[in-house]
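Down below is the structure, laid out as structure tokens.
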Amino acid sequence: MSLNILSIQSWVAYGHVGNASAIFPLQRLGAEVWGVHTVQFSNHTGYGAWRGQVFGADLVRECVAGIADRGVLPSCDAVLSGYLGSAEIGAAVRDAALLVKAANPKALWCCDPVMGDTGPGIFVRPGIPEFLRDQALPAADIATPNQFELEWLTGQAITSLDTAKAAITALQAKGPRIVLLTSLRTEATGGHEIELLAAEGGGFWRLRTPMLPLSVNGAGDAIAALFLFHRLKSGAVAPALGAAASSIFGLLSQTLAAGARELQVVAAQAEITAPTRRFTAEAC
């Protein structure tokens, strides 16, 4: 039986970010994805120039209401959300997740709290970080922040594995019982490595991969989608972390080999279902 996932994110015609990064990997794994787009752009904003429109919160609500009219929300297994163009759209996403969870109490909401990163700092509109912290994440089941976002959300600096665990625990206390820290670098992290750290039920699992010399948009959107899928399928954090990290490493490796600026989710799709190199999460 396939999984049904409602994914409410941005959409680009060219390239792979938001839903254009998340939907195909989920479909390739066999999930049925109900995609609702919050924007329609020609390309992602990292190019510095783009065309298109930001959709209003009413459009998101209308699309979700139309799906609800089909009577299928009880069969929805999860809601996936990422970048928010405004706090108003955020409220529509939160309400959609609550609607799904009311129809199916077992459904999970995976909220990727996209707000910034080390270097550029906060890059979303004013009010969005506060909305994510105060209204979205308390209602979410899974959160997938990067290190910068976890520090901002909890007000705790992360300099070691112990401080990372403390920050995750603090975030869990505010709502999401499952947390995936998608990028962890401390004094103990190797110069050419990146760590991922996941937690659920008081346990923690860590995974290290080589850090590849490239920076592409959309990798965070893809790993949130993959982690959600594998957590739904396996019911456990450790195998979900291992499977998601292995696929992302494979996609990034082939993107680097191709010299491409866009994540090669189509050309390297075999890495989604059968990663060339497999990594295993270890309890820590």
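The values are calculated or read from the model by the stated rules, or taken from the named source; none is laboratory data. Predicted model only: the values in this text are computed from it and were never measured. Every residue, glycine among them, receives a Cβ derived from its backbone with ideal geometry; neighbour counts consider all protein chains shown. Ligands, DNA and RNA are excluded from the accessible area calculation, which covers all protein heavy atoms including side chains. Shrake-Rupley method; radii C 1.70, N 1.55, O 1.52, S 1.80 Å.
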Exception for Phe229 within (1) under 24 Å from Gly46 (Cβ atoms); (2) touching a Pro at 6+ places or on another chain (Cβ under 9 Å) falls at (1)
Report the residue count in region 37-69 for those that are in contact (Cβ under 8 Å) with a residue 40 or more places away in the chain, under 21 Å from Ala97 (Cβ atoms) and not polar (S, T, N, Q). 4
Looking only at region 188-218, filter to residues that are among the hydroxyl-bearing types (Ser, Thr, Tyr) and in a loop (DSSP other than H, G, I, E, B); which one of those is surrounded by the fewest Cβ atoms within 10 Å (Cβ to Cβ)? Ser215
Index of the failed condition, Ala166 passing every other in (1) touching a strand residue (DSSP E or B) at 6+ places or on another chain (Cβ under 7 Å); (2) farther than 24 Å from His44 by Cα; (3) of a type in the set (A, V, I, L, M, F, W, C); (4) open to solvent by 20 Å² or more (accessible area, probe 1.4 Å): (1)
Could you identify the single residue in Asp95, Asp112 that is buried (at least 21 other Cβ atoms within 10 Å of the Cβ), of a type in the set (D, E, K, R) and modelled with pLDDT of 95 or more? Asp112
Residue check: is Val17 in contact with a His (Cβ under 8 Å, 6 or more places away or on another chain) and either open to solvent by 10 Å² or more (accessible area, probe 1.4 Å) or under 21 Å from Val64 (Cα atoms) (or both)? yes
Across (1) under 23 Å from Arg277 (Cα atoms); (2) at pLDDT 95 or above; (3) among the basic types (Lys, Arg); (4) open to solvent by 30 Å² or more (accessible area, probe 1.4 Å), Arg185 clears everything bar (2)
Is there a residue in region 72-82 that is surrounded by fewer than 19 Cβ atoms within 10 Å (Cβ to Cβ) and in contact with a strand residue (DSSP E or B) (Cβ under 6 Å, 6 or more places away or on another chain)? yes
Checked region 238-284 for anything within 21 Å of Glu200 (Cβ to Cβ) and of a type in the set (Asp, Glu); matches are Glu282
